[in-house]
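Rule-based calculations on the coordinates, nothing more; no lab input. These numbers were taken from a predicted model, which means no experiment stands behind them. Note that we place each Cβ from the backbone using ideal geometry, even for glycine, and neighbour counts take in every protein chain shown.
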Amino acid sequence: MNRVFLIGRLVKDIEVKELSTGAKIGNFTIAVPRRYKDENGEVVVDYFRCITWKGNAESMEKFTHKGSQIAIAGTLQNRCWDDNGEKKYYTEVNVDEIKFLDSKETPKGATEVSDDDCPF
């Protein structure tokens, strides 16, 4: 079974591209805090690369922004490529369900999320 559920905040606005077929694809990163703090009292955060398609990408482009809180469900997938003879890998979430968790009254930029610590 391959299913993942995450709740977090967008590190930056979704990047949506239109493919030659006309379908839209969206890439984004979600910051998900862990339930504990490190030895300095800072919340530990994990960053997950995500990809979504068609209507989900369009809805996110229209209704979310950096700092928006969302819940996602999807599957994990690995990507692999050759970089000058060296194999490179990364794992991303292929998102098929999205729930927007911010209230309609939440102004753009009201939530604090820093992409300075995001590794990608």
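Place a point 7 Å from the Cα of VAL16 along the Cα-to-Cβ direction; which residues of the stretch 63-97 have their backbone N under 14 Å from it? Residues passing the 14 Å test: 63-66.
Among the trypsin sites (Lys or Arg not before Pro) in the stretch 1-98, those placed in a DSSP loop whose Cβ has at most 14 other Cβ atoms within 10 Å are ARG3, LYS12.
Dipole of the chain computed with +1 at Lys/Arg Cβ and -1 at Asp/Glu Cβ about the Cα centre; of GLY67, GLY26, ASN84, farthest Cα towards the positive end is GLY26. Placing +1 on each Lys and Arg Cβ and -1 on each Asp and Glu Cβ, with no other charges, gives the chain a dipole about its Cα centre of roughly 420 debye. Only one of the values [x] 13.7, 46; [y] 15.4, 51; [z] 18.3, 61 was calculated from this structure for Rg and Dmax of the Cα atoms in Å; name its label. Read-out from the structure maps to [y]. Longest stretch of the chain clear of exposed loop sites (GluC sites (Glu not before Pro), DSSP loop, at most 10 other Cβ atoms within 10 Å, sites excluded): 43-104.
With a Cα cut-off of under 30 Å and a minimum spacing of 8 residues unless on different chains, the lysine pairs in the stretch 11-83 number 14. How far apart, in nm, are the 7 Å Cα→Cβ label points at LEU76 and ASN27? According to this spin-label approximation, the distance is 2.1 nm.
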